[in-house]
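Taking it in order: structure first as structure tokens, then the write-up.
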Amino acid sequence: MSSGSTGAAVKADCYGLGVDACVPSLRDAGAREFFVAHWSEVEALTKHVDPAKISVLHGPISPLEATFARQAGVVPVINSLSQAKRWIESGGGSCHLMIDTGIHRLGISPAEVTDPIIQSLDIDILMSHLACADEDHLLNGEQLSTFRSCAAAVRSNRRSLANSAGICLGADFHFELTRPGLALYGGVPRAEMAANIRQVAFPQAAIIQTRKLKAGDHVGYNATFTAAQDMPVGVVSLGYADGYLRTWARGGRLESDGNSLNVLGKISMDMIVVDLTNAPHLKEGDWLDLPYALPSASQICGLSQYELLTVLGQRFG
Ligand SMILES: *Cc1c(COP(=O)(O)O)cnc(C)c1O
């Protein structure tokens, strides 16, 4: 039994930041297992890591997927009795097993652990997923104790319970393997960890035109902003197609050298307009920073830290 290793949740293209950009760093930093959600996510990962270290969280819902797992040499997470049966019928072999200890998404129920089909699986990682680890909630302790009893009733090489927030709950939750995602990409799962986690994604966007508004001029679709006085503005190559959703229109701002530039009017698909009053020297071709420290960005726009990462579009280089 190995002890104290870290796996990495790399699903959804590494939470939107890009498999090619992130996975080599995570691998070189010592991540031991790599978790994706979909079978379609496997191929991009095999360029960087040993297929035997790749797990597919959604499991095989058809014989074709079980065959694919075998051919690609990746490991399915078994989430139900029917998946267990399918995996064994396709030839069986090493797999992981998800137990539902209270989140009620994927996983077999604790009562099913003693089912003969489950007992016949060759289980590497026995896992469960915490529902409320980002808050102090009774369910955390309940899930931990249910997970312990399940682990006592079925053979596995390793046990894994904690996501990013779960790691912060202390050593009792760590077992042999942890499965952080959010925290690897700069998200702060619990406030007490803020000092230990640095921002990872620093999105920027370019000014593609500057102009001077006259008092009374409107900006953008539906003319929702009207200039109170003459003002310099910049048209920026950033829009909701890049994941800068309309929820940012209220309170959104970009930054340049410590100058704060308010977003004016509605956010378009490919463009926004920002107030250059605080930095009138800025010109076409200059790059602006999106304030993307995830906890504060989340407070401003109302999206979760997870959403802020995964909405980032393909046009960021
Ligand atoms: C996404 C996911 C993780 C990672 O969760 P974070 O909250 O991002 O750390 C871990 N385990 C499972 C099963 C997941 O689906």
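The values are calculated or read from the model by the stated rules, or taken from the named source; none is laboratory data. Here the structure is a predicted model, which means the values were calculated and not measured. All Cβ positions, even for glycine, are placed from backbone atoms using ideal geometry, and neighbour counts span all protein chains on display.
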| message | Can you say whether Glu176 is farther than 20 Å from Tyr306 by Cα, of a type in the set (Asp, Glu), surrounded by fewer than 21 Cβ atoms within 10 Å (Cβ to Cβ) and within 16 Å of the ligand (Cβ to nearest atom), as far as the supplied structure shows? | response | yes
| Taking Val273, is it free of Cβ contacts under 8 Å to residues at least 60 places away in the same chain, more than 20 Å from Leu303 (Cα to Cα) and surrounded by 18 or more Cβ atoms within 10 Å (Cβ to Cβ)? | yes
| query | So which of Thr114, Thr101 ends up being at negative phi and either among the acidic types (Asp, Glu) or away from the ligand (no atom under 16 Å from the Cβ) (or both)? | reply | Thr114
| Where Leu45 falls short, out of the listed (1) touching a His at 6+ places or on another chain (Cβ under 8 Å); (2) surrounded by 18 or more Cβ atoms within 10 Å (Cβ to Cβ) | (1)
| request: Being of a type in the set (Gly, Ala, Ser) and assigned to a helix (DSSP H, G or I) is the filter here, so list the residues in the stretch 139-174 that pass it. | output: Gly141, Ser145, Ser149, Ala151, Ala152, Ala153, Ser164, Ala165, Gly166, Ala171
| Hey, among Leu161, Leu144, Leu106, Leu126, which residue is over 22 Å from Gln305 (Cβ atoms) and within 12 Å of the ligand (Cβ to nearest atom)? | Leu106
| note | Taking the stretch 53-66 and keeping only residues that are free of Cβ contacts under 8 Å to residues at least 40 places away in the same chain and surrounded by 13 or more Cβ atoms within 10 Å (Cβ to Cβ), one is left with Lys53, Ile54, Val56, Pro60, Ile61, Glu65, Ala66
| query | Has the stretch 198-217 got at least one residue that is under 27 Å from Leu254 (Cα atoms), among the acidic types (Asp, Glu) and not in a helix (DSSP H, G or I)? | reply | yes
| remark: When restricted to Gln314, Gln229, the only residue modelled with pLDDT under 95 and either in a strand (DSSP E or B) or surrounded by fewer than 14 Cβ atoms within 10 Å (Cβ to Cβ) (or both) is Gln314
| request: Return the residue satisfying two criteria in turn: it lies in the stretch 62-80 and is among the hydrophobic types (A, V, I, L, M, F, W, C) and within 16 Å of the ligand (Cβ to nearest atom), and of such residues it is nearest to the chain's Cα centre (by Cα). | output: Val77
| remark: Checked the stretch 93-113 for anything closer than 16 Å to Ala152 by Cβ and in contact (Cβ under 8 Å) with a residue 40 or more places away in the chain; matches are Leu97, Ile99, Thr101, Pro110, Val113
| query | Hey, any hits in the stretch 237-245 for a residue that's assigned to a helix (DSSP H, G or I), among the polar types (S, T, N, Q) and away from the ligand (no atom under 16 Å from the Cβ)? | reply | no
| said: So, in the stretch 248-269, exactly how many residues are at pLDDT 95 or above, under 25 Å from the mean Cα position of the chain (by Cα) and either β-branched (Val, Ile, Thr) or loosely packed, with under 15 Cβ neighbours inside 10 Å (or both)? | reply: 2
